[in-house]
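Below is one structure, written out as structure tokens, with a few remarks after it.
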Amino acid sequence: MREIKAIDIKNAVKALFISLNCEIGDDITNALKKALSEEESDTAKAVLTQLLENNAVAKEEQIPICQDTGMAVLFVEYGDKVIIDGDFEEAINQGVKEAYTDGYLRKSVVDDPVFDRKNTNDNTPAVIHTRIVSGETLRITAGCKGFGSENMSKTKMLSPSAGVEGVKNFVLETVKTAGPNPCPPIVVGVGIGGTFEQAAVMSKKATFRSVNSENEDVRYAELERELQSIINNMNIGPAGLGGKTSALKVNIEYAPTHIASIPVAVNICCHACRHKSIEL
């Protein structure tokens, strides 16, 4: 067994959220550069150039990439031979609190979704997805999800007869309806299978995957490429002003499901697709 101190978790989470709010991943930077080299629209080129300049300034001056510093979402792989010296969720939320307070990040969480809607003033509580895995390590993947794109996300329960065409139509309909609202170029996370809530979690996790990755199943990898190609022919373009670059990537996750359904969720992420991981 291995003991990990709660304060080390808190410090790691704090560092993660300050860093990922100010520094976009190399995968996104390289995807934007590639899109810029392939774009034909002058307007699209101008927008992509501005995005790259914005990200460079944010990193150099350590200021947020976007004014929407998002809601804290974490995927945790919790080793079954790990003992936490302290309260695990409290440590994560304290790390988020200190990151958003000490890092001067916008605090966007309200305590009640309908009635009071009072700001919690520290961007907590975080959304924490925990999976028990074998081993003595704790792997934390953190992201800050802006809601301009979150609001464009959808889930649907398809009948088995809908098949792959039904899945494709739902994904494409969701992206087309979203149009310029989620700040394209976007990353499209798709969760297929499982149950209603599992599909949604998978779709969010898919947006945390590198845009350089592919699904290990060749059928789903091909579906990722096909959907991205169709989306990029919709002429939504960077900032919704037209062009070839509407989606930087479509990532699909899937799971076994019931014989009576095909649950599908589409989680859209803006061009500021911010996520980082640390292993303790």
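The values are calculated or read from the model by the stated rules, or taken from the named source; none is laboratory data. Bear in mind the structure is a predicted one, so any value in this text is a computation, not a measurement. Cβ atoms come from the backbone with ideal geometry, glycine included; neighbour counts cover every protein chain shown.
Looking at Glu40, Glu3, Glu77, Glu61, which one is acidic (Asp, Glu) and surrounded by 15 or more Cβ atoms within 10 Å (Cβ to Cβ)?
Working: Glu40 fails: surrounded by 15 or more Cβ atoms within 10 Å (Cβ to Cβ); Glu3 fails: surrounded by 15 or more Cβ atoms within 10 Å (Cβ to Cβ); Glu61 fails: surrounded by 15 or more Cβ atoms within 10 Å (Cβ to Cβ).
One residue alone meets the criteria, Glu77.
Being farther than 23 Å from Gly70 by Cα and either out of contact with any helix residue (DSSP H, G or I) (no Cβ under 8 Å at 6 or more places or on another chain) or of a type in the set (Asp, Glu) (or both) is the filter here, so list the residues in the range 7-29 that pass it. Hit for the range 7-29 is Asp8, nothing else.
For the range 123-138, the criterion of a residue being touching a residue at least 24 places away in the same chain (Cβ under 8 Å), of a type in the set (Lys, Arg) and on the phi < 0 side of the Ramachandran plot is satisfied by at least one position. Take the conditions (1) over 16 Å from Ile28 (Cβ atoms); (2) in contact (Cβ under 8 Å) with a residue 40 or more places away in the chain; Ala221 misses just one of them, which is (2). Scanning the range 224-245 for residues that are touching a helix residue (DSSP H, G or I) at 6+ places or on another chain (Cβ under 6 Å) and free of Cβ contacts under 8 Å to residues at least 24 places away in the same chain yields no hits at all.
Yes or no: Ala56 modelled with pLDDT of 95 or more, among the aliphatic types (A, V, I, L, M) and in the same structural domain as Ala99 (by TED's automatic domain parsing)?
No, not satisfied.
Among residues of the range 84-110 that are over 15 Å from Pro125 (Cβ atoms), those with a beta-carbon under 6 Å from a residue that is of a type in the set (S, T, N, Q) at least six positions away or on a different chain give the pairs Leu105/Asn21; Leu105/Thr69; Arg106/Thr69.
Check whether at least one residue in the range 205-218 is farther than 25 Å from Leu36 by Cβ, among the charged types (D, E, K, R) and more than 20 Å from the chain's Cα centre (by Cα), and report yes or no. Before the answer, list the steps.
First, the residues of the range 205-218 that are farther than 25 Å from Leu36 by Cβ: 205, 215-218.
Checking which are among the charged types (D, E, K, R) leaves us with 205, 216-217.
Next, from what is left, pick out any that are more than 20 Å from the chain's Cα centre (by Cα): 217.
The answer is yes; a qualifying residue exists.
Of the residues making up the range 13-28, those that are β-branched (Val, Ile, Thr) and over 20 Å from Ser213 (Cα atoms) number 2.
So which of Asp111, Asp85 ends up being modelled with pLDDT under 95 and either assigned by TED's automatic domain parsing to the domain that holds Glu136 or of a type in the set (Phe, Trp, Tyr) (or both)? Before the answer, list the steps.
Numbers: Asp111 fails: modelled with pLDDT under 95.
Selected residue: Asp85, the only one of Asp111, Asp85 that is modelled with pLDDT under 95 and either assigned by TED's automatic domain parsing to the domain that holds Glu136 or of a type in the set (Phe, Trp, Tyr) (or both).
Can you tell me which residue within the range 7-17, out of those that are surrounded by 18 or more Cβ atoms within 10 Å (Cβ to Cβ) and among the hydrophobic types (A, V, I, L, M, F, W, C), is farthest from Asp80 (Cα to Cα)? Full working, then the answer.
To start, the set of residues in the range 7-17 that are surrounded by 18 or more Cβ atoms within 10 Å (Cβ to Cβ) comprises 9-10, 12-14, 16-17.
After this cut, where a residue has to be among the hydrophobic types (A, V, I, L, M, F, W, C) as well, the list is 9, 12-13, 16-17.
Numbers: Ile9: 16, Ala12: 20, Val13: 20, Leu16: 23, Phe17: 25 Å.
Only one residue tops the list, namely Phe17.
Just one of the listed residues (Ala56, Ala35, Ala12, Ala46) is touching a Pro at 6+ places or on another chain (Cβ under 8 Å), part of a helix (DSSP H, G or I), among the small types (Gly, Ala, Ser) and closer than 25 Å to Phe147 by Cα, and it is Ala35. Exactly one residue out of Ala200, Ala221, Ala178 is within 18 Å of Ala142 (Cα to Cα) and not assigned by TED's automatic domain parsing to the domain that holds Thr141, and it is Ala200.
Does the range 240-280 hold any residues that are more than 18 Å from the chain's Cα centre (by Cα) and not in a strand (DSSP E or B), and which are they? I'd like the intermediate steps shown before the answer.
Taking the range 240-280 first, the residues more than 18 Å from the chain's Cα centre (by Cα) are 240-245, 255-263, 279-280.
Residues satisfying the conditions are Gly240, Leu241, Gly242, Gly243, Lys244, Thr245, His258, Ile259, Ala260, Ser261, Leu280.
Among the residues making up the range 66-94, those that are within 22 Å of the chain's Cα centre (by Cα), within 19 Å of Thr141 (Cα to Cα) and not in a helix (DSSP H, G or I) are Thr69, Gly70, Met71, Ala72, Val73, Leu74, Phe75, Val76, Glu77, Tyr78. Figure legend. Inter-residue proximity from the range 9-21: first residues modelled with pLDDT under 95, second residues surrounded by fewer than 22 Cβ atoms within 10 Å (Cβ to Cβ) and in a helix (DSSP H, G or I), beta-carbon distance below 8 Å, spacing 6+ or different chains. No pairs are indicated.
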